[in-house]
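Trainee: I'd like to ask you about the structure that follows.
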Amino acid sequence: MRYFPHTPEEIDQMLQVIGLTRLEDLFAGIPTTCQKTRAMNLTAAWSEWELNDLMDAVSDSMAVPPAYTAFLGAGRYHHHIPAVVTALKGRTEFLTSYTPYQPEISQGTLQAIYEYQTLVSRLVGVDVVTASHYDGATAMAEAALMSVRITQRTRIAASALIHPFYLQVLKTYLKPTGYQLIEIPRDASGRTDPAGLSDVSGLAAVIVQSPNFLGCIEPVSAFSDVIHHAGGLCISGFTEALSCGLLKSPGSQGADIVFGEGQSFGLPCAFGGPGLGMLGTSKAYMRNLPGRLVGKTHDLDGNSGFVLTLATREQHIRREKATSNICSNNSHCALTAAIYMAALGGTGIRKLAEINHSKAAYLKSALKQAGMTLPFDAPFFNEFVVRFPDGFDRVYDRLIDQRIIAGLALEPFYPELKSHYLLTVTETMNRKSMDALVREVSA
Amino acid sequence: MSDKLGTTGLILNEPLVWERGKPGRTGFSMPSEDVPFSPLAEELVRNDLDWPDLSEVDVVRHYTRLSTWNVSVDAGMYPLGSCTMKYNPKTNERQAGLVGLSDAHPLLPAPLCQGALKLMANLEADLAEITGMNAVSLQPAAGAHGELAGMLIIHACLEHRGERRSKIIIPDTAHGTNPASAALCGYRPVPVKSGPNGILSPDAVKAVMDRDTAGIMITNPNTLGLFEENIREISEIVHFMGGLVYADGANFNAVMGVVNMGCAGVDVMHLNLHKTFSTPHGGGGPGSGPVCVQKHLEPFLPVPRIVMQNGAYGLSRDFPLSIGRLVTFYGHFSVMVRAFSYIRSLGPEGLARASQLAVLNANYIRERLKAFYHLAYDRPCMHECVFSDKKQQAHKISTLDIAKRLMDYGYHPPTIYFPLVVPGALMIEPTETESRDEIDQFVDALIAIAKEAEENPDLLHDAPKTPKMRRLNEVEAARKPCLAG
C-alpha cells in the first residue's frame, strides 16, 4: 500500500526493539471475546485507476449545472466560485494542519480566521463572530441555547418561516432540555406576523430568518423592538449570506445574536455539506458564545500575533459546564469564505448581490406576465414563490427530462401551499435559461 | 543532532487583509448583466459595509504568505495524540472535487442523485462492518456532534422505555468533549477513576452504576492509548442496571480488523472520519462523526435516513422514534466521499494493516523514549503513548518547554497536558504513515531535548526561536479580548 512506508525488514527490526515477533502480538492485550472472528467483509482494494473510473461514473450520474438548469436554493446556492478561491483553499498548509493549538507554528490559520471573524462581524453587524460552526441550522440551535443561558428563561418563539430543516434541528437540540418552542405564524404577504407574537413576557428569545424560507425580507426591527421591551433577546439570521451584501444587516436591526449559513461564500453545494455556520453577538454576550474564537495578542518580542482564546468557555476546560460541546468546527470552510470575501471585496459584494436580485426580479415578473400567480408580495432577494396551475407536477417531471429543475415544491413543508414552488436565481443563471423556463411552464 | 529539520528561512511578513488593497480594485469576475437593474426599496438597503477591495494578485499573495506560516502533515510528522494526523491521500481530494459530487444540490429529486445516495449507503454499510455494529448514520458533523447524537439516542431510548435518568458515568480517561456532550442531554457526569494500570475496573463502575444512571461514556482505546480490556464486563454491569454503553471511537485507528465493538457490549459509538479514515483536518474541520448503533437502537438514529424503495435509493423521515435531524442536510458529504475513497483504496487487508502499523509505531516510540522521559503507564500501548515531564521537572523544565523546543527541531509537538489523569502529559500519536526513519529522527530530537534540559535548560525556556513567532501571550488575549479588527 503506497501510504505505508514500512519495509518488511523495518517491521521486523521495530518488533525486535519492542520485544515481539509478529504484528499480531501487538494486540495480545485485547480479550478474544472482543475480537473479530473473521476478516472484514469489505470490497477488495482498488487501484487508483479503478477508483478514478468508479468515482467518475458516480459523478457523471449526478444532475448538476451546467448540464442541468436548476432553480434550486432553499439553503444551498449555486454561486460562481472563482478559480483563485479553489487554488488557495487547496494549499495543503491550510488543508492538512490541525486545530491551531500551537500558535507559533499555526499563524497562517489563526490570522486567516481572525480576518474571517472581522469580515463577517462587519457583514452581519455585530461585535464578535465565532471561528465557525457546522452549518446555519446548528448555529441557530446554539444561538437558542445561548439565549436561555443569558436570560435564564426557557421559552423560545420562532418564526414558522424559518427554514423547516433549521426548525427540525432546533427541536432535536431542545428535546432533552424540556425548553418550550412556540411558532409564530405567517401573514398573507409571506412574512412572519408580529401580531402573532402574543405572549412575549417570559420569552428567552424570538428567532426570525430574513430573507425567510419563502424568500421574503422580514421586518426584523419590529421583532427586536417587541422582544427587547419584554426583556428577551432577538435572534436573527439567514440561509443566503450574499443577501447581507445588499440588505440591512441583522445587527443593525437590533439582533442580539446572529446566525447564518455561509455556503454562498465560495463553498460548493456538495450535496449539502460541509457548509459554514456563522454565529455572532455583541461584546456584552461574548463570554456566552459557544465555539472557538481567535484573538489578537503579542509574542515575547512584542510582535502582534494570534491565538485561540477565551478557552475557559470551552469543553476541554469547563467540562460539563461548557457553553457547548463543539470541538472541531468548519474552520477550512471559514478560511474558504474569507478568501472568497477578500476576492469579492466591499464593492464586489454589493454589485453581485444586486445582480442576484435583478435576475430574480426579472424571472418573477416574466412569470407574472405569463399568467402565473405570485402569492406573496413582500420584498425579496433572490428567491420567491410562484403558484403554478394545478397539476403542475406532471410539467415538473417533463421539464426534468429537458434538464430543467423548476424549483422546489413547497407542499411537503407547508401542506396548504399546494402547487407552490420556491424558485431561486443566482448570478449563474442567464436570461436565456430563464426565458426557456417561462416558455415551458406557460406552454 | 547537527542536522535539524527545523531551520529559519525566508519568512515573509504580511499585513491584515484590510490593510492591503485600494478602493476600486477587484478580484472577482462579474457576470454580464443581461437583465435590467431592479432596485430594492431604500429602507431595506445598507450602505455601511466596510470591506476592503483587493485585486486577484493581492488575494493570492496574502493567502499564500499566510499559508507558509503553518506547519502541516504534508510538511512533516504531526504527532498530536488522539488527533490521528495521518497522511491525507491526494486521490481523495480528486474524488471529492469531481463536479458531479461537489456541485450537487442537496434538494435534487431522488432519481437525479442516486449516485450520491448509493455512495452514502455503501459507506454506512462499510462502517458497520468495520466496527461490528448494525446500523450507521453519517449525519453528525464532527466527533463531538457524534457524541451528542449518541447521547440523544440513549436519552430517546430510555424515554421510550418510560424512564428518565439523570446521570452518566465518564471515566477520567475519556475524551474531553464527553462531559459537555452528556450535559446537552441533561445528564450529570459521574467521574470514575481509572485503575493504577490506566484501565477502568469493573468494580469502579459497579460502585456507581445505579438505576438513575443512563449508562457510561467510555473512550476505547482510551486517552492513555490503552485498550479498555474490561469493557465486556463493564457493559454487563451497565446493562444489568438498564443502562446503555456509549463508546467514543475517536481512537478507532488502533483496532481496525481486530476489535468488534458489538461483541464488546457497546450499544452506540461514533467514529471520526477525519481521524481514522484519513480526511484532512483543515486547520480545525470540517470533520465527520458517523454514529453507529446496535440493532435495538436503530429506530432512534437521526433522520432523514437513506432507504431503498422499489429498487431505488431515497431519503426517508418516516422513523417515528428518531431523535430527529442533526444538521441542515445529510452531513458533511464531501468528507464522506474522501473516507469512502480511502476505504476502497485500502480494502479490508489495508485497513487492518493501517492499525497494525499505527500500533507498531507507537510502541516503538514508547520503547525508544522510555529511558529519557517518564512513562505514565509502563505497559504496551495501542496507537499512542503518554509520557510526562516528571524527569525534567528537576531542571525546572515543563512539558510546555519541551513542546516548544520540538518546534525548533522541526516538529509539531505532541498533544500536551492531556489526558488530565497524567500531570504534564506528552501524548504522542505517530500514526501508520510515518516511516521508521522519520520516527527515529523525531525520537532523536526528543532525546537531544532531554539532554538539553539537563545541560542547557534556557534553550528550552526560550524556545521556540525558529518559527515566525516566539511564545504568544495567551493571558493578554483572554484578559483584553480583541476578536475583530
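Quick note: the coordinates plus some simple rules give every number you see, no bench work behind them. As the structure is a computational prediction, the values presented were derived from the model and not from experiment. In this analysis, Cβ positions are derived from the backbone assuming ideal geometry, glycine residues included, and neighbour counts consider all displayed protein chains.
Trainee: Using only the alpha carbons of chain B, what is the convex hull's orientation-averaged projected area in square nanometres?
Mentor: It is 28.7 nm².
Trainee: Using θ = phi - 60° and the Karplus curve 6.51 cos²θ - 1.76 cosθ + 1.60, what whole-Hz ³J(HN,Hα) does each residue of region B:65-73 get, with Gly and Pro shown as x?
Mentor: In residue order, the calculated couplings are 4, 4, 4, 6, 8, 9, 9, 9, 4 Hz.
Trainee: Another question, then. Label points 7 Å out from Cα along the Cβ direction at B:Asp48 and B:Glu163: separation in nm?
Mentor: 5.4
Trainee: Can you give the percent of C-alpha pairs in region B:92-343 whose distance is more than 28 Å?
Mentor: Distances greater than 28 Å cover 30 percent of the Cα pairs.
Trainee: Can you list the residues, at least 5 places off or on another chain, whose amide H is less than 5 Å from the amide H of A:Thr428, using H built in the peptide plane?
Mentor: A:His80
Trainee: Per DSSP H run of at least 4 residues, take -39500 (n - 2.57); add these up for chain A, divide by its residues and hand me the 222 nm value, nearest 500 deg cm²/dmol.
Mentor: Calculated from helices alone, the mean residue ellipticity at 222 nm is -11000 deg cm²/dmol.
Trainee: Okay, next question. Within a Cβ distance under 14 Å of B:Asn222, other residues only, what is the Lys/Arg minus Asp/Glu net charge?
Mentor: Computed value for this residue: -4.
Trainee: Sorted from largest to smallest, which semi-axis lengths in Å does the alpha carbon gyration tensor of the protein assembly as shown give for its equivalent ellipsoid, taking the root of 5 times each eigenvalue?
Mentor: Each semi-axis is the square root of five times an eigenvalue, giving 44, 31, 27 Å.
Trainee: State the Cα centre-to-centre distance between region A:275-306 and region A:1-74 in whole Å.
Mentor: 38
Trainee: Rounded if a/c is under 1.5, else prolate if a/b is larger than b/c, else oblate: which is region B:362-411, with a ≥ b ≥ c the root eigenvalues of its Cα gyration tensor?
Mentor: Oblate shape, in that a/c is at least 1.5 and b/c is the bigger or equal ratio.
Trainee: Could you go through region B:75-82 in sequence order and give the Karplus-derived ³J(HN,Hα) for each residue, using 6.51 cos²θ - 1.76 cosθ + 1.60 with θ = phi - 60°, rounded to whole Hz, and x for Gly and Pro?
Mentor: After applying 6.51 cos²θ - 1.76 cosθ + 1.60, I find 8, x, 4, 9, x, 5, x, 6 Hz.
Trainee: Here is a follow-up. Over chain A, what portion of Cα pair distances is larger than 26 Å, expressed as a whole percent?
Mentor: 62
Trainee: So if each residue of separation counts as 0.36 nm, and I subtract the Cα-Cα distance between B:Leu459 and B:His395, what length gain in nm does that give?
Mentor: Gain on extension, B:Leu459 to B:His395, equals 21.8 nm.
Trainee: How shielded is B:358-368 by partner chains, expressed as the average number of their Cβ atoms within 10 Å of its Cβ atoms?
Mentor: The shielding value for this peptide is 4.
Trainee: Between rounded, prolate and oblate, where does region A:401-441 land on the alpha carbon gyration tensor, with a ≥ b ≥ c its root eigenvalues, rounded for a/c under 1.5, else prolate if a/b exceeds b/c?
Mentor: Prolate shape, in that a/c is at least 1.5 and a/b is the bigger ratio.
Trainee: In what sequence do B:Glu438, A:Glu142, A:Glu261 fall when counting other Cβ within 10 Å, fewest first?
Mentor: Lowest to highest Cβ neighbour count: B:Glu438, A:Glu142, A:Glu261.
Trainee: How do A:Tyr116, B:Tyr87, B:Tyr63, B:Tyr330 line up, fewest other C-beta atoms within 10 Å first?
Mentor: B:Tyr87, B:Tyr330, B:Tyr63, A:Tyr116
Trainee: While we're looking at this one, here's another question. Need the full-extension length gain, A:Asp393 to A:Gln16, defined as separation in residues times 0.36 nm minus the C-alpha distance. One decimal, nm.
Mentor: 128.7 nm
Trainee: At a Cα cut-off below 24 Å, give the lysines reachable from A:Lys432, other chains included and same-chain residues fewer than 8 away excluded.
Mentor: Reachable lysines: A:Lys351, A:Lys359, A:Lys364, A:Lys368.
Trainee: For B:Leu369, A:Leu300, B:Leu224, what's the fewest-to-most ordering of other Cβ within 10 Å of each Cβ?
Mentor: Fewest-to-most Cβ neighbours within 10 Å comes out as A:Leu300, B:Leu369, B:Leu224.
Trainee: So, one more: Which net charge results when you count Lys and Arg as +1 and Asp and Glu as -1 among the other residues whose beta-carbon is under 11 Å from that of A:Ser106?
Mentor: With Lys, Arg at +1 and Asp, Glu at -1, the neighbours total -1.
Trainee: Reachable lysines from B:Lys90, Cα under 17 Å, same-chain residues fewer than 8 places away excluded?
Mentor: Here the lysines satisfying the reach criterion relative to B:Lys90 are A:Lys89, B:Lys275.
Trainee: Given H placed 1.01 Å from N in the peptide plane, which residues other than close sequence neighbours of B:Asn251 have an amide H under 5 Å from its amide H?
Mentor: Distant-sequence amide H within range of B:Asn251: B:Asn220.
Trainee: Right, here's the next one. For region A:97-145 and region B:83-142, what is the separation of their Cα centres, given in Å?
Mentor: 26
Trainee: B:Val192: net charge of surrounding residues, Cβ under 15 Å, Lys/Arg +1, Asp/Glu -1, itself excluded?
Mentor: -2
Trainee: Can you give the translational diffusion coefficient of region B:348-475 in µm²/s, computed by Stokes-Einstein from the Kirkwood radius over Cα pairs at 4 °C and 1.567 mPa s?
Mentor: It comes out at roughly 86 µm²/s.
Trainee: Give, rounded to the nearest 20 debye, the magnitude of the charge dipole that the protein assembly as shown has about its Cα centre when Lys and Arg contribute +1 at Cβ and Asp and Glu contribute -1 at Cβ.
Mentor: 1240
Trainee: In whole angstrom, how far apart do the alpha carbon centroids of region A:201-249 and region A:346-386 sit?
Mentor: The two parts, judged by their Cα centres, are 21 Å apart.
Trainee: How would region B:42-136 be classified by its alpha-carbon gyration tensor: rounded, prolate or oblate, with rounded meaning a/c under 1.5 and the a/b versus b/c comparison settling the rest?
Mentor: It is oblate, given that a/c is not under 1.5 and a/b is not larger than b/c.
Trainee: So if each residue of separation counts as 0.36 nm, and I subtract the Cα-Cα distance between B:Val57 and B:Asn310, what length gain in nm does that give?
Mentor: Gain in length upon complete extension: 85.8 nm.
Trainee: Which GluC sites (Glu not before Pro) does region A:345-443 hold that lie in a coil by DSSP with at most 14 other beta carbons within 10 Å?
Mentor: Loop-located and lightly packed - A:Glu416.
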